[in-house]
Amino acid sequence: MRVLVCIKRVPAPGARINVSADGLAVDTAFLGFTTSPHEECAVEAAVQLVEDHGGTATVLTVGPPDAEEQLRYAASVGAAAAVLVPADGDVDPQRTAAAIVAAIGRLEGRDGPFDLVLFGNESADSCGFQVGVRVAHAVGRPVVNGAKALAVDGAVARVERPSEAGLDRYALRLPAVVGVKEGINLPRYPTLKGRLASKKLTVETLDVLDAAPAGGLTTQRLRPPAEQGGSSTVILGHGPDAAPAVVDLLDKLGVLG
């Protein structure tokens with residue numbers, strides 16, 4: 001089977017995000033970057049499917065040339081091919097989806113259809129929840145987002161998604177699109193052999209972004225979250241003189257019986 005995984009280069013989770021002076025962009029001067037966590041799980045899901053059923057996994061991103069780092073990381077854990085759609089700066093979800101649709105058309109026209117196109121449930125930076133759904137609608141394929149289990153049975157993809165009522169189960173006839181949620185699996189670490197192979201991989205470049213029209217979303221202003229109050233330390237005393245204060249504090253916390 002053929003699986004395509006669409007990933008995104010995002011600031012490392014937990015990093016301090018600074019905003020540029022004009023308030024319109026993220027200051028990336030001191031940021032580390034990684035693959036969006038949901039999409040790391042999507043890559044792992046694709047590799048597992050290929051291990052079970054044979055075939056190839058291809059990874060694709062719309063992003064700057066530096067995003068080649070994330071493509072090669074995906075290759076180091078099992079993706080067989082990598083595709084970069086060059087883009088300067090952040091691209092709105094509608095244009096990103098249109099570019100991916102154009103790239104899929106090129107790749108499928110040349111090599112045949114993908115059985116599955118996998119996305120992360122949402123990207124870690126913008127949390128738009130929409131690129132995968134837009135792509136599925138444009139290519140006319142069934143889609144389920146938020147997948148916490150994924151298996152392929154013949155010509156059917158079986159997907160499970162948690163809901164307020166319990167667990168929703170879907171049977172999607174292939175080809176299909178699935179949005180994978182973090183926790184569906186535990187992404188593997190690359191081996192030394194995988195890292196060496198990824199360095200030799202030829203990353204294909206598809207210049208399709210210019211043909212993708214911009215969407216209706218524009219950035220008005222970015223505001224960093226308010227700084228949370230720092231912790232403080234109170235010295236209760238020194239030596240034996242601190243004992244009564246410690247007992248009072250433990251009593252106040254309900255630790256003493």
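The values are calculated or read from the model by the stated rules, or taken from the named source; none is laboratory data. Treat the numbers as computed from the prediction; the structure is a model and nothing was measured. Here the Cβ positions follow ideal geometry from the backbone for every residue, glycine too, while neighbour counts run over all protein chains shown.
Side notes on the structure shown:
Results for (1) in contact with a helix residue (DSSP H, G or I) (Cβ under 9 Å, 6 or more places away or on another chain); (2) at positive phi; (3) surrounded by fewer than 17 Cβ atoms within 10 Å (Cβ to Cβ), shown as yes or no for each residue.
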{"residue": "D125", "(1), (2), (3)": "no, no, yes"}
{"residue": "V143", "(1), (2), (3)": "yes, no, no"}
{"residue": "G146", "(1), (2), (3)": "no, yes, no"}
{"residue": "V156", "(1), (2), (3)": "no, no, yes"}
{"residue": "E164", "(1), (2), (3)": "no, no, yes"}
{"residue": "L167", "(1), (2), (3)": "no, no, yes"}
{"residue": "A171", "(1), (2), (3)": "no, no, yes"}
{"residue": "P175", "(1), (2), (3)": "yes, no, no"}
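- Filtered residues of the stretch 108-123 (kept if crowded, with 19+ Cβ neighbours inside 10 Å and either in contact with a strand residue (DSSP E or B) (Cβ under 7 Å, 6 or more places away or on another chain) or among the polar types (S, T, N, Q) (or both)): F114, L116, V117, L118, F119, G120, N121, S123
- Total residues in the stretch 5-55, condition at pLDDT 80 or above, hydrophobic (A, V, I, L, M, F, W, C) and over 14 Å from the mean Cα position of the chain (by Cα): 3
- Residue within the stretch 217-228 that is under 27 Å from V62 (Cβ atoms), at pLDDT below 90 and of a type in the set (A, V, I, L, M) present: yes
- Among the residues of the stretch 182-235, the one identified as surrounded by 15 or more Cβ atoms within 10 Å (Cβ to Cβ), among the acidic types (D, E) and assigned to a loop (DSSP other than H, G, I, E, B) is E182.
- Residue match in the stretch 12-28 (condition: farther than 20 Å from R223 by Cα and surrounded by fewer than 23 Cβ atoms within 10 Å (Cβ to Cβ)): no
- Checklist (1) of a type in the set (A, V, I, L, M, F, W, C); (2) surrounded by 10 or more Cβ atoms within 10 Å (Cβ to Cβ); (3) at pLDDT below 95 applied to L253, failing item: (2)
- Subset of the stretch 67-78 [assigned to a helix (DSSP H, G or I) and hydrophobic (A, V, I, L, M, F, W, C)]: A67, L71, A74, A75
- A67 fulfils the conditions (1) more than 21 Å from V178 (Cα to Cα); (2) out of contact with any Lys or Arg (no Cβ under 7 Å at 6 or more places or on another chain); (3) modelled with pLDDT under 95; (4) buried (at least 18 other Cβ atoms within 10 Å of the Cβ) except for a single criterion, (2).
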